[in-house]
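*Asks:* Below is one structure. I have some questions about it.
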Amino acid sequence: MSKPVVAVVGRPNVGKSTLFNALAGGMISIVKDTPGVTRDRIYADVSWLDREFTMIDTGGIEPDSKDIILSQMREQAQIAIDTADVIIFITDVRQGLTDADSKVADLLRRSAKPVVLVVNKVDSFEKFMPDVYEFYNLGIGDPIPISAASRLGLGDMLDVVISHFPEGAGTEEEDERPRIAIVGKPNVGKSSILNKLAGENRAIVSDIAGTTRDAIDSVVKYDGREYVLIDTAGLRRKSKIKEELERYSIIRAVTAVERADVVLMVIDAVEGATEQDAKIAGIAHERGKGVIIVVNKWDAIEKTDKTMREYENQIRQILSFMPYAEIMYVSAMTGQRLTKLYDRIDMVIANQTLRVATGVLNEILSEAVAMQQPPSDKGKRLKLYYMTQVAVKPPTFVIFVNDKELMHFSYTRYLENKIREAFGFRGTALKFYIRERKEKGR
């Protein structure tokens, strides 16, 4: 049975993200005193006693705000409420009961979902309990006093939360769904691509660069197969990182790449590939991920019969360290070629998990050595004994030699090219490890 979903909702700056992090066991949400920092839904798996559930952190609900970002945050929170099995409604004992709290409570009542009312920042039960009783006026159940920052009262709260789960829910199953991270500079259309692929507004989309500050997981089903799409905050050059928040965002983007099987590296067609794109792509390359370079806003380019070739040459020059990367030209605005991304993702995943028999690898190795002799130094020549594949995601090979100091990187690249000629491995990096094996009576 799938995990229950618990959404954490409330006004801005009442401690939702602090509670989220306390339960998730790490700095998953950005925590900052500035209201409105958490702009999108964030997901995390949480366990309590013998139960497992998925928790959603949300942007704060401001019922009457006309601000464009706050209004979109309100829409995101509504989506989280619609998705949830149980809702944690968090309030602030120090601010007291507000009109906005009452309006949020009315919204939650209309959802007809189980609501657990939590009063946060109760660092001293003796001091603040009389203020907690005020929240009975919301009429949505008994208020549970907690302090997310001090980890007080969380067990009592979780006992109430899991009491609302359906019988047998929360049994964890191994997740084999492909994970796809969408990365790139700010304002290149990452969230727009995610929304088009998902078929709904999963991430806030606006013309303000850097709108998405959190990494979000969205489950999307296409052609009978489920995919987990991870939208990330746009990465900026260090010289442009003026807010502490964006430093958290960069760390999260790197983490998103590490969690992914395939990375969609989004490039702005109008701007073309840049050195900053190369740095972002390098994160995926260094971690051995499958990579698809997605050139977005292709509809905005005036084209001739040479345009696509010129673009590819420019991309390959800037991203010369990853010639294996697939390239697709799309438009999030019109939806051009976006659904074909799924076919390309499936192909890259198949290549990432491809295993080659040791016997076949050594036939390729023997043929490669016969065509180009291994390097030598001071009269000593490199001998290659055999090669075997030891892992997938990425495909990883170990080559046993007589002296690894003689194994020049250019010869390793030569062997990689021979393997790619035979098996393709399009879209995925290959890793090689060189090991020495002493000669014994050879």
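*Asks:* Looking only at residues that are at pLDDT below 60, open to solvent by 70 Å² or more (accessible area, probe 1.4 Å) and outside any loop (DSSP other than H, G, I, E, B) in region 216-247, which one is farthest from residue 327 (Cα to Cα)? Talk me through it step by step, then tell me what you get.
*Replies:* Step one: filter region 216-247 for residues at pLDDT below 60, giving 216, 233-247.
Next cut, open to solvent by 70 Å² or more (accessible area, probe 1.4 Å) only: 237-240, 242-244, 247.
Among the residues that remain, those that are also outside any loop (DSSP other than H, G, I, E, B) are: 238-240, 244, 247.
Values: 238: 27, 239: 29, 240: 28, 244: 33, 247: 29 Å.
That would be 244.
*Asks:* Out of the residues in region 283-306 that are open to solvent by 10 Å² or more (accessible area, probe 1.4 Å) and in a helix (DSSP H, G or I), state the one that is farthest from residue 354 (Cα to Cα).
*Replies:* Initially, region 283-306 is screened for residues open to solvent by 10 Å² or more (accessible area, probe 1.4 Å), giving 283, 285-287, 289, 297, 299-306.
Filter once more, keeping what is in a helix (DSSP H, G or I): 283, 285-286, 299-300.
Values: 283: 22, 285: 18, 286: 19, 299: 35, 300: 37 Å.
Top of the filtered list is 300.
*Asks:* When you go through (1) in contact with a Gly (Cβ under 9 Å, 6 or more places away or on another chain); (2) part of a helix (DSSP H, G or I) one by one for residue 342, which number turns out not to apply?
*Replies:* The number of the failed condition is (1).
*Asks:* Can you find even one residue in region 21-40 that is buried (at least 22 other Cβ atoms within 10 Å of the Cβ), over 24 Å from residue 145 (Cα atoms), under 23 Å from the mean Cα position of the chain (by Cα) and at pLDDT below 65? Write out each step before concluding.
*Replies:* Just the residues of region 21-40 that are buried (at least 22 other Cβ atoms within 10 Å of the Cβ), to begin with: 23, 29-30, 38-40.
Filter once more, keeping what is over 24 Å from residue 145 (Cα atoms): 39-40.
With under 23 Å from the mean Cα position of the chain (by Cα) added as a condition, the list becomes 39-40.
Now drop any that are not at pLDDT below 65, which leaves 39-40.
Scanning region 21-40, I find at least one residue that is buried (at least 22 other Cβ atoms within 10 Å of the Cβ), over 24 Å from residue 145 (Cα atoms), under 23 Å from the mean Cα position of the chain (by Cα) and at pLDDT below 65, so the answer is yes.
*Asks:* Something else about it: How many of the residues making up region 117-139 are in contact with a Gly (Cβ under 7 Å, 6 or more places away or on another chain) and within 15 Å of residue 9 (Cα to Cα)?
*Replies:* 2
*Asks:* Additional query: What are the residues in region 115-143 that are surrounded by fewer than 17 Cβ atoms within 10 Å (Cβ to Cβ) and within 17 Å of residue 161 (Cβ to Cβ), if any?
*Replies:* 141, 142
*Asks:* Would a scan of region 370-393 turn up a residue that is touching a Leu at 6+ places or on another chain (Cβ under 6 Å), surrounded by 13 or more Cβ atoms within 10 Å (Cβ to Cβ) and within 30 Å of residue 281 (Cα to Cα)?
*Replies:* Checked region 370-393: at least one residue is touching a Leu at 6+ places or on another chain (Cβ under 6 Å), surrounded by 13 or more Cβ atoms within 10 Å (Cβ to Cβ) and within 30 Å of residue 281 (Cα to Cα).
*Asks:* Could you list, in sequence order, the residues of region 81-106 that are open to solvent by 40 Å² or more (accessible area, probe 1.4 Å), over 12 Å from residue 6 (Cβ atoms) and in a helix (DSSP H, G or I)? I'd like the intermediate steps shown before the answer.
*Replies:* Going through region 81-106, the residues open to solvent by 40 Å² or more (accessible area, probe 1.4 Å) turn out to be 82-83, 85, 94-95, 97, 99, 102-103, 106.
From what's left, over 12 Å from residue 6 (Cβ atoms): 82, 94-95, 97, 99, 102-103, 106.
Across region 81-106, the qualifying residues are 82, 99, 102, 103, 106.
*Asks:* Could you tell me which residue of region 256-270 is nearest to residue 298 (Cα to Cα), considering only residues that are open to solvent by 10 Å² or more (accessible area, probe 1.4 Å) and either in contact with a strand residue (DSSP E or B) (Cβ under 8 Å, 6 or more places away or on another chain) or of a type in the set (Gly, Ala, Ser) (or both)?
*Replies:* Restricting attention to region 256-270, the residues satisfying the condition of being open to solvent by 10 Å² or more (accessible area, probe 1.4 Å) are 258-259, 261, 268, 270.
Of the ones still in play, those that are also either in contact with a strand residue (DSSP E or B) (Cβ under 8 Å, 6 or more places away or on another chain) or of a type in the set (Gly, Ala, Ser) (or both) are 259, 261, 268.
Details: 259: 28, 261: 25, 268: 8 Å.
Ranking the candidates gives 268 first.
The values are calculated or read from the model by the stated rules, or taken from the named source; none is laboratory data. Since the model is a prediction, treat every value here as computed from it, not as a measurement. Neighbour counts run over all protein chains shown; Cβ positions are idealised from the backbone, glycine included. What goes into the accessible areas is simple: the full protein's heavy atoms, side chains included, and nothing from ligands, DNA or RNA. Shrake-Rupley method; radii C 1.70, N 1.55, O 1.52, S 1.80 Å.
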